[in-house]
Structure formats: C-alpha cells, structure tokens
Amino acid sequence: MSISEIVLIGIALSMDAFAVCIASSMVYTNMTGLRKLSMPILFGLFQGIMPILGFFLGSLFASFIEKWSGPISLLILGIIGINMIRESRGEAENLDARFDFKAMLPLAVATSIDALAVGVSLAANSANIWQSAPIIAVTTFVLSLIALFVGTKAGEKLGDKAEILGGIILIIIGIKSLF
C-alpha cells in the first residue's frame, strides 16, 4: 500500500474527529490553548493506536468489530450530543470547565472505532502497520487542528446556539456511523 493511499485512508478516518473538533471548539470557545491542543493530540493518538489493535486482533474479532462499530459509535456520540443539547440551557460560565479529559476520551474512542476496522483491512492487505498507523495519526492531528480553528470562529459567530448545533452534529455523526 502506497503512502498516498495511507494518507487518503487517514483523511477518511479523520473526518469524524474533524467534525467533533469543529463542534466542540464551536461550543467551548473559551478553552485554554493547552486544552484545545489536547483534542488533536488525543484524537490523533487514538486514530493511530486503533489500526494497530485492529491489525493484531483482527483475525479474532473481525466480524464483531465490523458488526458493532457503528452502533457503539452512535451510542457514545448520541449520548454526548444529547447531553450537550440538554446542557445548553445551563450557565455559560461553567461550559468550558465541563469539557475536560473525561469528556474528550469517549469522543476519541467513538471517532476512532472505524480505525479499528481499518486495521483489520490493513492486515488483510499485508500493509506495513508501523508505517500506516503514524501516518493516520498525524493526518488526524493536522486536520483536527484545522478544525479547532474553524470551530472557534464559528462558535464566536453562533454564540449561545453553538452548543445545540454541536450536539446535533455529534448525533448526526453517530447516526452516519451506522451506514
């Protein structure tokens, strides 16, 4: 598998993380720079680890991964999205404090479950996982970084409605993962 093919796989895999970064930074506009940077790092890390897990566990759990990755993503993203919409009626000053590592971790897992399935495919194609995983991770990191900038600018324009829109986006991403 060529590097350009792996980059394209990385771009495709990072689209969920890209959308989540836009939605999250749109809602949580006052996050510190370090907290914002932790999103692309965490998303890139998980997008890099999951193909490795899928590569080595693929033969054992391939059918389970392919069958349940969509519903699991829907469940995690749906719960987080519904919670964001519900909390949009809360006080704005506590909003950014709620978005910490414990909130980011399920998002990183949910957006990288499809990378687990890709790891199975990489094993089936005898791809070099030690070359592929870092490329996927860096691609996700870079695109997530761009998404943070886009989301922050959109959040400044949307104001209070950003949290509702962010929740809706997460729910839509979850539903899309079923197909």
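Taking region 150-175 as the range and being modelled with pLDDT of 80 or more, within 18 Å of the chain's Cα centre (by Cα) and of a type outside the set (Val, Ile, Thr) as the test, only Gly151 passes. Of the residues making up region 13-45, those that are touching a Leu at 6+ places or on another chain (Cβ under 9 Å), open to solvent by 40 Å² or more (accessible area, probe 1.4 Å) and over 13 Å from Phe149 (Cβ atoms) are Met15, Asn30. If you go through region 148-165 one residue at a time, do you hit one that is of a type outside the set (D, E, K, R), in contact (Cβ under 8 Å) with a residue 40 or more places away in the chain and outside any helix (DSSP H, G or I)? No: zero hits. The residues of region 7-59 that are small (Gly, Ala, Ser) and modelled with pLDDT of 80 or more, listed by number, are Gly10, Ala12, Ser14, Ala17, Ala19, Ala23, Ser24, Ser25, Ser38, Gly44, Gly48, Gly54.
Can you confirm whether region 101-114 contains a residue that is modelled with pLDDT of 70 or more, buried (at least 19 other Cβ atoms within 10 Å of the Cβ) and either of a type in the set (Phe, Trp, Tyr) or farther than 17 Å from Met50 by Cα (or both)? Within region 101-114 (the criterion being modelled with pLDDT of 70 or more, buried (at least 19 other Cβ atoms within 10 Å of the Cβ) and either of a type in the set (Phe, Trp, Tyr) or farther than 17 Å from Met50 by Cα (or both)), the answer is no, since none of the residues qualifies.
The values are calculated or read from the model by the stated rules, or taken from the named source; none is laboratory data. Small disclaimer: the values here were computed from a predicted structure and weren't measured. Don't worry about glycine lacking a Cβ; one is built from the backbone with ideal geometry, like all the others, and counts go over all protein chains shown. Each accessible area value is taken on the protein alone, full model and side chains, heavy atoms only, with ligands, DNA and RNA left out. Shrake-Rupley method; radii C 1.70, N 1.55, O 1.52, S 1.80 Å.
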